[in-house]
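What follows is a short report on a single structure.
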Protein chains: 2
Amino acid sequence: MALEHAILVSLLERPGSGYELARRFDRSIGRFWTATHQQIYRVLRRMEADGWVAAQEVAQDGRPDKKVYSAAAAGRSALADWLREPVEPETVRHELAVKIRAAAFDDPAALISEVERHRDGHAALLARYLHGEQRDFPDLTALDTCQELQHVVLRGGIEYERMTLAWLDDVLATLRRLAADRPS
Amino acid sequence: MALEHAILVSLLERPGSGYELARRFDRSIGRFWTATHQQIYRVLRRMEADGWVAAQEVAQDGRPDKKVYSAAAAGRSALADWLREPVEPETVRHELAVKIRAAAFDDPAALISEVERHRDGHAALLARYLHGEQRDFPDLTALDTCQELQHVVLRGGIEYERMTLAWLDDVLATLRRLAADRPS
DNA sequence: ATTGCCTATGCAACTCGTTGCATAGCAGGA
DNA sequence: TCCTGCTATGCAACGAGTTGCATAGGCAAT
């Protein structure tokens, strides 16, 4: 279970409320680790009970109060312990790949618009990554350790999107060829 | 929920027992959709109750009996319905990426051997994919629709592994540079 | 001889993750 | 004015997924 650890890393990079964490998971972190606000609130409460994080109530005007969490010493040492354990290879749940193989038993042409939709989504995400890179890392020669590591993870995201985009174009070409060969 | 659909596709490609399906999920399918034998047995029973699959008991000598499942008409039409629904973008749970960002708050050098382990795993998987491609698709000019689609998914797997391999080399270079810059 | 692994299925208990809903004040547009 | 959407947190119920264990015969190696 790594949601705790992902939250700890995010809080070490910057303290924040459950709501803010949920938004971070929708953005930068969310593309290599997803979580809903429900999970995050639940885990934060458990982590607070375990002394991994400390909470501070912050009153705001014009908005509901919030609880700002920050990583505690116990959380930091738990993170260090976890870093020394081996992790499993990443699990992939690639529903679209299942659909592509399923198309053999139905109409391959019917899948084209769906694949195009995914292609466009990945293209948009790649653009957002590249834009975020420009904004957050304007000078790549002057990064501290934390930023270096954030940037190498971002590079992974960028390469993943580029690769996926090229693959989805390949998938589209294949589907179009099959649709032309055997019109239903 | 797509485990049902992944199982249906696998059974349409070839009927098999729960055990055999579990092994297929460990191999080809398993890299874009994971499932344990527990899940598979449970879902198969539900699918049988819903008339999506039909089971046939097969006695074997020297081995326990097995129940060979095959996709039924109702399952096939359920699959066709599902193909026409949009799917969510794939979810990624990339624990190693969390660790890389976590390394900023501990010792980056301590992560090197872990990343090397992952790198070697991905290299081995890429080799297995390429070997499987040679074996299962010796003549790329003579494929039926089902094989065309299997192959385009395999190409995706191969490209994913290549990209991951290159990225992990980038990560290793970054970690080594950080370790040299600031020795702990 | 015993140990360990492979085939083949399954139960029980648990944790993880999702979905729907609820509260509640404020801001902005039709 | 009403409706939608944002900030901020939370409960309850459900479904998905994991882990540990159990059975049970056969096969291969130590």
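No lab work stands behind these numbers, since they all come straight from the coordinates. Being a predicted model, the structure only gives us computed values, none of them experimental. Every residue, glycine among them, receives a Cβ derived from its backbone with ideal geometry; neighbour counts consider all protein chains shown.
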Quiz item: To the nearest 20 debye, what is the magnitude of the charge dipole of chain A about its Cα centre, counting +1 on the Cβ of each Lys and Arg and -1 on the Cβ of each Asp and Glu?
Solution: 320
Quiz item: Separation between the A:Arg63 and B:Asp181 pseudo-spin-labels, each 7 Å from Cα along Cα→Cβ, expressed in nm?
Solution: 3.3
Quiz prompt | Positive-end extreme of charge dipole, chain A - chosen from A:Phe137, A:Gly156, A:Gly18 (charges on Cβ) | solution = A:Gly18
Quiz item: Anyone know which of A:Glu148, A:Glu95, A:Glu133 comes out most mobile in the 10 Å Cα GNM of chain A?
Solution: A:Glu95
Quiz item: Just going by the charge dipole of region A:109-178, with Lys and Arg at +1 and Asp and Glu at -1 on Cβ, which of A:Leu172, A:Gly121, A:Ala110 is farthest out on the positive end?
Solution: A:Ala110
Quiz item: So for region B:3-83, Kirkwood radius off the Cα pairs, Stokes-Einstein at 37 °C and 0.692 mPa s: how many µm² s⁻¹?
Solution: 258
Quiz item: Quick one: label points 7 angstrom along Cα→Cβ at B:Arg135, distances to the other copies in nm, smallest first?
Solution: 4.8
Self-check item: Debye intensity ratio I(q)/I(0), log10, chain A, q values 0.08, 0.16, 0.17 Å⁻¹ (C-alpha model)
Solution: -0.38, -1.08, -1.15
Quiz item: Copy-to-copy spacing for A:Ala179, label 7 Å out on the Cα-to-C-beta vector, in nm, shortest first?
Solution: 5.1
Quiz item: Which Cβ of chain A lies nearest the axis of the rotation superposing A onto B, and at what whole-Å distance?
Solution: A:Met163, 2
Quiz item: Amide H to amide H, which residues 5 or more places from B:Ala72 or on other chains are under 5 Å from it, using H placed in the peptide plane?
Solution: B:Val53, B:Ala54
Quiz item: Relative to the longest principal axis of chain A, what angle (0 to 90°, nearest 10) does the C-alpha long axis of helix A:73-83 take?
Solution: 40
Quiz item: Given the C-alpha centroids of region A:83-135 and region B:12-62, what is the distance between them in whole angstrom?
Solution: 25
Quiz prompt | Residue among A:Asp26, A:Asp61, A:Asp81 with the largest mean-square fluctuation in a Gaussian network model of chain A, springs linking Cα atoms under 10 Å | solution = A:Asp61
Exercise. Distances from A:Tyr41 to the same position in the other copies: list them in nm, one decimal, shortest first, using label points 7 Å from Cα along Cα→Cβ.
Key: 3.8
Quiz item: Can you give the alpha-carbon Rg of the protein assembly as shown over 2.2 N^0.38 Å, where N counts its residues?
Solution: 1.11
Quiz item: Which distance in nm do the two modelled labels at A:Asp120 and B:Glu90 give, with both placed 7 Å along the Cα-to-Cβ direction?
Solution: 2.1
